[in-house]
Structure formats: structure tokens, C-alpha cells
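Trainee: Quick one: this structure, given as C-alpha cells, is what I'll be asking you about.
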Amino acid sequence: MDIKHIQLKSCGDERGSLIALEEKSNIPFEIKRVYYMFKTGEDVRRGFHAHKTLKQVAIAVRGSCKFLLDDGTEQITVTLDHPAQGLLIESFMWREMFDFSPDCVLMVLADQLYDEADYVRNYDQFIAQVQSGE
Ligand code: T46
């Protein structure tokens, strides 16, 4: 499976580090929405869905967590543990997030506004749609 990692350039100096996120530049789409999750319990597993069209970039701006990504034929687990590391999540990719460190702040940039109709929350339905090429 071709997973796209985005190495974000950090502008560091003696004061510390700064990373800028720009649409259609280091973020490969127009940014319509930003959300972030924090205080996630260590044993919590979230996600369990794919998106029909949504594209996103996930960044652990603090702490770490893992993503399981599944394109319907292959699964891969990616660890996000650095604020300069972006993970591009294309549409039609099943995702689960887990192993959140207690301090984890997981920020996600999305190319669309929130739309429950874009979610595929049933794994069998996801597989059926991948196989039918819908
Ligand atoms: C994704 C993974 C990585 C909103 O009202 N607006 C929003 O923009 C989002 C993302 C969520 N919500 C509400 C909907 C639920 O009542 O927040 C609650 C938690 O959302 P959800 O259960 O979908 O969270 P996750 O962690 O399972 O999934 C989220 C995103 O929804 C999803 O698009 O790819 O993070």
C-alpha cells in the first residue's frame, strides 16, 4: 500500500520550532476544516470507518498515536510521534487510531466540512464497495 508521509519543514531557531501549514503547498488540498483530539484514553481505539471522498492530513502535534490504515486489500500501521510528520489519508481508506500517549494531541486537516453522509462505518460494506469499485 502506498502511504504518503509528509515531512513538514520546521523553521527552528534559538527560540524554538515553528511549522506552517499551507493549503495546496505542504498540505496537498484546500483546507476546509481542522479538528483535533486530546485526552484520549490509552486503551481507546477510535475511527472504525472510511470516507467516500474526504482527504485528510493527520499530525500528532504532541505525543504519539498509531493509525491502522486498510485499503481493502492490505493493512498497514503507522506511528505518528513528531509534529513535523504528516500522514496523508486518502479517501476510501479504513482507519483506526489507537495507542494514544496520555499527552497526545492529534490534529487533522480536512478538505471538506463535516458530513456524516461521507462516512462508511460498516467494514463489510467498505469491503463490498472496494471490490465493486464504486
Ligand atoms: C477521521 C478520524 C481520523 C463533529 O461534530 N465535527 C467534526 O468535524 C468531527 C471530526 C467530529 N464531529 C463529532 C461527531 C462525533 O459526535 O465529534 C464526535 C466524534 O467524532 P468521531 O466519532 O467521528 O471521531 P473519530 O475519532 O472516530 O474519527 C475522526 C473523524 O470523524 C474522521 O473523519 O478520519 O477522526
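The values are calculated or read from the model by the stated rules, or taken from the named source; none is laboratory data. Predicted model only: the values in this text are computed from it and were never measured. Cβ placement follows ideal geometry from the backbone for every residue including glycine, while neighbour counts extend to all protein chains displayed.
Trainee: Can you say whether Gly72 is over 13 Å from the mean Cα position of the chain (by Cα), crowded, with 16+ Cβ neighbours inside 10 Å and not polar (S, T, N, Q), as far as the supplied structure shows?
Mentor: Judged against the criteria, Gly72 is a match.
Trainee: In addition: Take Ala50 and decide whether it is assigned to a strand (DSSP E or B), modelled with pLDDT of 95 or more, small (Gly, Ala, Ser) and more than 26 Å from Ala128 (Cα to Cα).
Mentor: no
Trainee: Next question, about the same structure. Can you tell me which condition Asp111 does not meet? The list is (1) in contact with a Phe, Trp or Tyr (Cβ under 8 Å, 6 or more places away or on another chain); (2) within 30 Å of Cys11 (Cβ to Cβ); (3) more than 12 Å from the ligand (Cβ to nearest atom), and all the others hold.
Mentor: Unmet for Asp111, out of (1) in contact with a Phe, Trp or Tyr (Cβ under 8 Å, 6 or more places away or on another chain); (2) within 30 Å of Cys11 (Cβ to Cβ); (3) more than 12 Å from the ligand (Cβ to nearest atom): (3).
Trainee: Specify the residue that is nearest to the ligand (Cβ to nearest atom); the eligible residues are those in the stretch 30-52 that are in contact with a Lys or Arg (Cβ under 9 Å, 6 or more places away or on another chain) and farther than 21 Å from Phe92 by Cα.
Mentor: Out of the qualifying residues, it is Met37.
Trainee: Still on this structure, please answer the following. Only residues that are more than 11 Å from the ligand (Cβ to nearest atom) and among the charged types (D, E, K, R): list them for the stretch 53-89, please.
Mentor: Matches in the stretch 53-89: Arg62, Lys66, Asp70, Asp71, Glu74, Asp81.
Trainee: Oh, and also: Regarding Ile27, is this residue crowded, with 17+ Cβ neighbours inside 10 Å, under 21 Å from Leu8 (Cβ atoms) and near the ligand (Cβ under 10 Å from one of its atoms)?
Mentor: no
Trainee: Something else now. So which residues in the stretch 1-47 are of a type in the set (Ser, Thr, Tyr), outside any loop (DSSP other than H, G, I, E, B) and closer than 26 Å to Tyr119 by Cα, if there are any at all?
Mentor: Tyr35, Tyr36
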